[in-house]
1. Quick test of your reading of the structure: B:Gly318 fulfils all but one of (1) in contact with a strand residue (DSSP E or B) (Cβ under 6 Å, 6 or more places away or on another chain); (2) surrounded by fewer than 21 Cβ atoms within 10 Å (Cβ to Cβ). Name the failing condition by number.
2. Has region A:221-229 got any residue that is of a type in the set (Gly, Ala, Ser), over 25 Å from A:Val121 (Cα atoms), crowded, with 22+ Cβ neighbours inside 10 Å and touching a residue at least 40 places away in the same chain (Cβ under 8 Å)?
3. So which of B:Thr324, B:Thr302, B:Thr259 is out of contact with any His (no Cβ under 6 Å at 6 or more places or on another chain), hydroxyl-bearing (Ser, Thr, Tyr), buried (at least 21 other Cβ atoms within 10 Å of the Cβ) and assigned to a strand (DSSP E or B)?
4. Restricting attention to region A:414-436, and to residues there that are in a helix (DSSP H, G or I) and open to solvent by 10 Å² or more (accessible area, probe 1.4 Å), which single residue is farthest from A:Gly286 (Cα to Cα)?
5. Listed residues B:Gln412, B:Gln386; which is more than 12 Å from every other protein chain (Cβ to nearest Cβ) and touching a Gly at 6+ places or on another chain (Cβ under 7 Å)?
6. Taking the stated definitions as given, is A:Glu93 open to solvent by 50 Å² or more (accessible area, probe 1.4 Å), closer than 21 Å to A:Val284 by Cα and outside any helix (DSSP H, G or I)?
7. So which residues in region B:411-460 are over 23 Å from A:Arg425 (Cα atoms) and among the aliphatic types (A, V, I, L, M)?
8. Just to be sure I understand, how many residues within region A:192-220 are out of contact with any His (no Cβ under 7 Å at 6 or more places or on another chain) and in contact (Cβ under 8 Å) with a residue 40 or more places away in the chain?
There are 2 protein chains.
Amino acid sequence: MLRFPSFLRHTLAAGFVLLLTDATAQTTAKTDSLNLRKIYDEALLRGQSYENLRYLTGKIGGRLSGSPQAEQAVQWGKTTMEKLGLDRVYLQEVMVPHWVRGAKEKGEIRADKGKGVDMNVCALGGSVGTNGKLRAQVVEVKTWAELAALPDEKIRGRFVLFNRPMNPAYIESGQAYGEAGDQRRNGAVEAAKRGAVGALVRSLSLAHDEFPHTGAMRYDDKVTKIPAAALSTNGADRLSQLLKADPGLTFELEMACQTLPDVKSYNVVGEIKGTKYPDEIIVVGGHLDSWDLAEGAHDDGTGCVQSMEALRLLKAAGLKPERTVRAVLFMNEENGVRGGNKYAELAKAANEKHLAAMESDGGGFTPRGFNIEAPAATVKKIQQWQPLFRPYGSGEFTAGHAGTDIEPLKEQTKALIGYDCDSQRYFDIHHTGADTFDKVNRRELELGGASMAGLIYLLSKYGL
Amino acid sequence: MLRFPSFLRHTLAAGFVLLLTDATAQTTAKTDSLNLRKIYDEALLRGQSYENLRYLTGKIGGRLSGSPQAEQAVQWGKTTMEKLGLDRVYLQEVMVPHWVRGAKEKGEIRADKGKGVDMNVCALGGSVGTNGKLRAQVVEVKTWAELAALPDEKIRGRFVLFNRPMNPAYIESGQAYGEAGDQRRNGAVEAAKRGAVGALVRSLSLAHDEFPHTGAMRYDDKVTKIPAAALSTNGADRLSQLLKADPGLTFELEMACQTLPDVKSYNVVGEIKGTKYPDEIIVVGGHLDSWDLAEGAHDDGTGCVQSMEALRLLKAAGLKPERTVRAVLFMNEENGVRGGNKYAELAKAANEKHLAAMESDGGGFTPRGFNIEAPAATVKKIQQWQPLFRPYGSGEFTAGHAGTDIEPLKEQTKALIGYDCDSQRYFDIHHTGADTFDKVNRRELELGGASMAGLIYLLSKYGL
């Protein structure tokens, strides 16, 4: 229970300024420190991210590109930003893929004399359907080398079960996700090349549970398109065990998913004009689309509400940015990145000058810091501000991947910056039916928006 | 989201050793770094904390001192430690208070012509009952000064509603808890001194919800004992609002709680004898008792399973501690600290030499570091190990309060150390019906046990 608290972290901000010897620098650092405190106070006392997220997740829900909910989300984003009294709010048209899941998928193991075991499955995003029931034997692999070593007759006409778990020894769960993701993305193509009829992929999760995790997969136009489905981690383990006992068991998969023609959709953009350097732009964004299985709370409703909130916090704290700050709700991160590409394309065509781009797309958990994708000197420059964020537990600025939607801006900007938060719970719910509003903690979410606003404030003041 | 991970944190441990110039020091630091990695690997790959906690919370449940569940928990703790193959497992007898809640409490606001509004209430731990229904008007205060300024006739025969919220601007929620806790602890005594018939206390929480939070309160033998109950934060706000509209409304409270005679109970102790300095003892503990409203998951089932796990991790990683390491499951932290006092008393009587004592009692969330209660030079010495913990996100070693159960050891030890983890969610569920197993994340919990084991390993190797 903890009767007396530790409060040193809270007072470090004051301590920081004493480290500086030059009087002007001291004053500047003190001003920055006080302004950060204003931002955090506003977020913790009157933050709006949480209530915005409640609406997006509860009233609109899952919003895959091309869905009616995605269009509702666009309107919601526009209206919400218009209420903030920004200098400009507008939409950027973009054509997006339109994949639909259709009826709920079914999976069943038929082992030992036909006794059936139901399995939770879900189609991977972009998969073709099964055109009725697809029943076949299963061969399990954990690595590409194992697949390569199998003779064709062990693969032909079968499902390939890709069952390599995420590595639990990593501290950052994103690293484990990055390493295991090739199975989901490439499993269907590689299995089809060898004559398989379907791909079953172990869910990308460090939890042991019954949720299948969807996510994007790809096809190769030169290779037969076979259906690809995710099994839960427990389900994959169960199937693996049953296969050992009965290598001749069959799996029956039924999926009605299909890809429809592309649909017109939008990025939503809102901006505050810079007072001194209006032509230098700082972007902050998340992605508005989400997988269809749940509400897209942590992926990436949180990034959207935090990005809009970052602009609101600057205004509410009375901090007029010297450079232009632009919140962007990107469409179609999950299965195409069309919104991110469109934004970069339009920026280039308009000859816009982007100073930096920030994205929040790793969940709305307690902030730890930022991942910076930039030349070493720029990383170092941004890292000089770390002490200002330490009192808020958000002072870990490391080099690393920043965000998928802002990646296309890489050649047009000095730094890409990813909001970095606690990663332990994220992949438990990522792309599943469990990514719901109740998994988001109000304070964690609002602290994240404040951290983002804080760094944007410094970028807008000092440039890069 | 998040296709490519940041992995710098993970590799910092290797970088750390390069900072040292002396070759021997380099080798030592490298050994320490590798041994820490062994501990974390064991925790993440084969950790047992989570399954132990599942049993304690699910099969035994809430375990207030003196309850049958508390006794079951003692036996469970002993059996669990015996299975670890420690050098010694034993019980320390201690007499503990025995307060029982009795039938479920009821609260009701009767406003405007007797129309009733039900309120979630719970007795504060140690409160007397109401002896049937207690109905009275209510006067609201937010500060002791407001209470002092009220004339007697505004208080006499009434309930005092103590309604000062926890301060949401603090980053560490424990700081807000510490500042608001006086209402819960002293409200009944101070209200009774002025003739009130009961105390209603706003729950100590930063969430806005319907859960009343219990917790210890105290009486003064010279002052009439009046009943004290917690209202949820929403409930306190509602009552406050209704009072503004109708200052004459009444509140009806019914509580059947009572204090029974003290009961015999136990601390559970298990130890690994030090190979070089067996007489120097390092304690690591949590408290076995919990409030009765839920399962005592984060408070403090997590601290108990992590403390036992710390010893298991050392053994499993093949690290034989040079000093004696002792896990203690303290009884009665919540309403008496009798176990903590007894441990210190017996240690003193036996002339035991304690090097350090560590406690985990702030929840089982993602580790951030440690709070150290020791002379400045000792704090500094322990802080030298921070770089070893940074790759694990657990490198914030700050001066601060360590733990209630180990506080009585203060004069007999060189350092008290509190496990420090993410504090944002803790007080939302603290002392409520929501402190259940499902709020605990497996990886967060196991990472915490590893951090504790890591620091114990260093303490046992280098001393203080």
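1. (1)
2. Within region A:221-229 (the criterion being of a type in the set (Gly, Ala, Ser), over 25 Å from A:Val121 (Cα atoms), crowded, with 22+ Cβ neighbours inside 10 Å and touching a residue at least 40 places away in the same chain (Cβ under 8 Å)), the answer is no, since none of the residues qualifies.
3. Sole residue among the options that is out of contact with any His (no Cβ under 6 Å at 6 or more places or on another chain), hydroxyl-bearing (Ser, Thr, Tyr), buried (at least 21 other Cβ atoms within 10 Å of the Cβ) and assigned to a strand (DSSP E or B): B:Thr324.
4. By that ranking, first place goes to A:Asp428.
5. Criteria check complete, one pass: B:Gln386.
6. So A:Glu93 fits the description; yes.
7. Across region B:411-460, the qualifying residues are B:Ala415, B:Leu416, B:Ile417, B:Leu455, B:Ile456, B:Leu458, B:Leu459.
8. Looking only at that region, the number is 19.
The values are calculated or read from the model by the stated rules, or taken from the named source; none is laboratory data. Bear in mind that the values here come from a model prediction, so they are computed numbers and not experimental data. Note that we place each Cβ from the backbone using ideal geometry, even for glycine, and neighbour counts take in every protein chain shown. Side chains are part of the model used for accessible areas, which takes the heavy atoms of the whole protein and leaves out ligands, DNA and RNA. Shrake-Rupley method; radii C 1.70, N 1.55, O 1.52, S 1.80 Å.
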